[in-house]
C-alpha cells in the first residue's frame, strides 16, 4: 500500500454557506461608494489664482483636513459601525422576509385571479362588442364618398 500524505494546505475544508471570505484590501469591489472616495482636500477647499493664503497655513490646513477626516471616520465607524451593521442587517432581513412571504405571493395570487377576470372580460367583449362592431363595419362599409368640383 502506498503511504498517504496529508498536507493541511491541500485539504479541502467545507465552507459554511452562510459566510464568505472577506477581502480586507478591496472593501468596495462593486464600487458602491465610489463618490465618497473622490472627496479630498482639493475637492472641498481650493484657492483660485491670485488668492493664496500663506504656504504654512495651506499645508497645515491640508494636514488638518486629511488627518481629521481619517480619524473621525475611524472613530465613528468604531463606535457606530457594528450597531448600524446590525440595524441594516435587520432592515434588509425584514425587507427580504416581506418580499418572500408577502409581496411575491400576493402578486402571484393577483396574477392568477386576474387571468380568470381577463377571460370573463374577453368573453363579454367577444359576445357583445364583436357583433356590434361587425354590424357597424357593414353599415359603414357600404357608404361611398365621391368628391367633385363645381365650377
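For this structure, a couple of remarks:
- Residues residue 34 and residue 62, FRET efficiency given R0 of 22 Å [Cβ-Cβ distance, rounded to 0.05]: 0.45
- Choice from 76, 123, 91 with maximal GNM fluctuation in the chain (Cα, 10 Å cutoff): 123
- Among 110, 70, 62, residue whose mean-square fluctuation peaks in a GNM of the chain (springs only between Cα atoms under 10 Å): 110
- Inter-part distance where the stretch 100-151 and the stretch 19-87 are each reduced to a Cα centre, Å: 61 Å
- In plain terms, the chain from residue 136 to residue 97 could stretch by 8.6 nm, reckoned as 0.36 nm per residue minus the Cα-Cα distance.
- Over the chain: helical MRE at 222 nm, DSSP H runs n ≥ 4 each giving -39500 (n - 2.57), nearest 500: -19000 deg cm²/dmol
- Under a Gaussian network description of the chain, with springs only between Cα atoms under 10 Å, the residue in 67, 57, 32 that fluctuates furthest is 32.
- Against the chain, whose longest principal axis is taken from its Cα atoms, helix 55-98 shows a tilt of about 50°.
- Projected label points at residue 53 and residue 76, each 7 Å from Cα along the beta carbon direction, are separated by 2.1 nanometres.
- Acute angle (nearest 10 degrees) that the helix 104-124 long axis makes with the longest principal axis of the chain, alpha-carbon atoms: 10 degrees
- Diffusion coefficient (Stokes-Einstein, Kirkwood radius over C-alpha pairs, 4 °C, 1.567 mPa s) for the stretch 35-139: 61 µm²/s, rounded to a whole number.
No lab work stands behind these numbers, since they all come straight from the coordinates. Only a predicted model underlies this, so the values are computations on that prediction, with no experimental measurement involved. Every residue, glycine among them, receives a Cβ derived from its backbone with ideal geometry; neighbour counts consider all protein chains shown.
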